[in-house]
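> Can you keep this structure in mind? I'll have questions shortly.
The values are calculated or read from the model by the stated rules, or taken from the named source; none is laboratory data. None of the values given here were measured: they were computed from a predicted structure. Using ideal geometry, Cβ is built from the backbone for each residue, glycine included, and neighbour counts are taken over all protein chains shown. Ligands, DNA and RNA are stripped out before the accessible areas are found, and what is left, the full protein with its side chains, is counted by its heavy atoms. Shrake-Rupley method; radii C 1.70, N 1.55, O 1.52, S 1.80 Å.
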Amino acid sequence: MVATLQLTDVGVRYGKQEVLSGVTTPVLKGGEVTAVIGPNAAGKSSLFRRIAGLLDGPGTIRIGDGALRSDPGHVCYMPQDTSVNTVLTVYESVLLARKQGAGRKVTDDDLHEVDRILYDLQIEPISFKGLHELSGGQRQLVSLAQVLVRDPKILLLDEPTSALDLHRQVEVLALIRTLARDRGICIILAIHDLNQVLRVADRVMVIDAGTMVSCGPVESVITPALLQTIYRVEGRIERCSRQSPHVIIDGPLGRA
Ligand SMILES: Nc1ncnc2c1ncn2[C@@H]1O[C@H](COP(=O)(O)OP(=O)(O)OP(=O)(O)O)[C@@H](O)[C@H]1O
């Protein structure tokens, strides 16, 4: 069965302050990657926390069918802040994530999955380091391992590559793309780098000042007009290497 996610009129309030309202999407399907973009403080993380069930608010979040909804393990959320306060090793933390809500007995299959994900993310060399000993980028990779190992059907990744070097960004985004396609995962990721969005996403949702201003195929949403109106920069989209589109920034626009 293909996992699906659809938002209707979804909003978020912190106390009396409404920070997001009226987010309505088409049906987002397993196998596809949707990038959520927009300026700082636009409401992207709040939207992720709302979808993950960590915040209440108006609107409807329809996830898959009844079978999926009754198994919360199928929706996994990786927050933006990956700081930790624990004495676990990398391996233990990923194994624990795998067993979350799934009984205590560790099977060969569990160990195999942990090994595979550590290998895919190229972090086996740090398997037995304590989480508190890791660099920011290493912590981010381990957080990613903790959600991927749970075999999610819907995966919410809030800026999963923000602490990674260029090589790791490219590798991780390629892995995300492959996992979506091969395992039919519906992946939603917040990301600021528009060139990476052009490489990885099928669809882009733009959030600005608490509202969704567009949601559609990548190349029809990432345009010079978007650069001007949302980011206040002058820029172009050009086909460069291998004919793939790139954002080229010419300069900032002045203050409005
Ligand atoms: N726990 C909270 N309590 C009150 N207001 C909050 C809380 N978390 C976020 N906000 C506010 O909600 C708004 C949206 O914040 P959010 O973190 O969703 O933005 P974002 O688009 O993810 O930003 P960034 O790109 O900077 O990570 C901001 O004005 C922020 O100050």
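> Which value results when the Cα radius of gyration for the range 137-201 is divided by 2.2 N^0.38 Å?
1.02
> Assuming a viscosity of 0.890 mPa s and a temperature of 25 °C, what translational diffusion coefficient in µm² per second does Stokes-Einstein assign to the range 184-256, Rh being the Kirkwood radius over Cα pairs?
In µm²/s, the coefficient rounds to 187.
> Run through every distinct alpha carbon pair of the range 89-141 and return the Kirkwood hydrodynamic radius in angstroms, one decimal place.
In the range 89-141 this quantity evaluates to 11.5 Å.
> Comparing T82, T60, T229, which has the greatest mean-square fluctuation in the GNM of the chain with Cα pairs linked when under 10 Å apart?
Greatest mean-square fluctuation among the candidates belongs to T229.
> Return the whole-Å distance between the Cα centroid of the range 1-42 and the Cα centroid of the range 102-154.
Value for the Cα centre distance between the two parts: 27 Å.
> Now for a separate question. Cut-off 10 angstrom, C-alpha nodes, Gaussian network model of the chain. Which of N40, N85, N195 fluctuates the most?
N85
> Give me the tail of P(r) for the range 125-256 as a percent: Cα-Cα pairs with distance above 20 Å.
Summing the P(r) of the range 125-256 above 20 Å gives 54 percent of all pairs.
> Compute the whole-percent fraction of alpha carbon pairs in the range 1-138 spaced more than 21 Å apart.
More than 21 Å apart: 56 percent of the Cα pairs in the range 1-138.
> Right, another one. Select from V204, V75, V19 the residue whose mean-square fluctuation is largest in a Gaussian network model of the chain (Cα-Cα springs shorter than 10 Å).
V19
> May I ask you to give the solvent-accessible area per residue for the range 72-128, in square angstrom, as obtained with a 1.4 angstrom probe?
Each residue of the range 72-128 exposes 61 Å² on average to a 1.4 Å probe.
> In debye to the nearest 20, how big a dipole does the range 181-256 give about its Cα centre with +1 on each Lys and Arg Cβ and -1 on each Asp and Glu Cβ?
120
> Over 29 Å between Cα atoms: which of K29/K99; K44/K105; K99/K129; K16/K153 fall into that group?
Distance filter (> 29 Å) returns K44/K105; K16/K153.
> When the dipole is taken about the Cα centre of the range 66-218, and only Lys, Arg (+1) and Asp, Glu (-1) are charged at their Cβ, what size is it in debye, to the nearest 20?
For this selection, approximately 320 debye.
> Mind pulling up the Rg/Rh value for the chain? Radius of gyration and Kirkwood radius, both on Cα.
Reported Rg/Rh (Cα atoms, Kirkwood Rh): 0.97.
> Still on this structure: Let me know the charge dipole size of the chain about its Cα centre in debye, to the nearest 20, where only the beta-carbon of Lys, Arg (+1) and Asp, Glu (-1) is charged.
420
> Enter the mean projected area of the convex hull around the alpha-carbon atoms of the range 1-65, in nm², rounded to one decimal.
4.6
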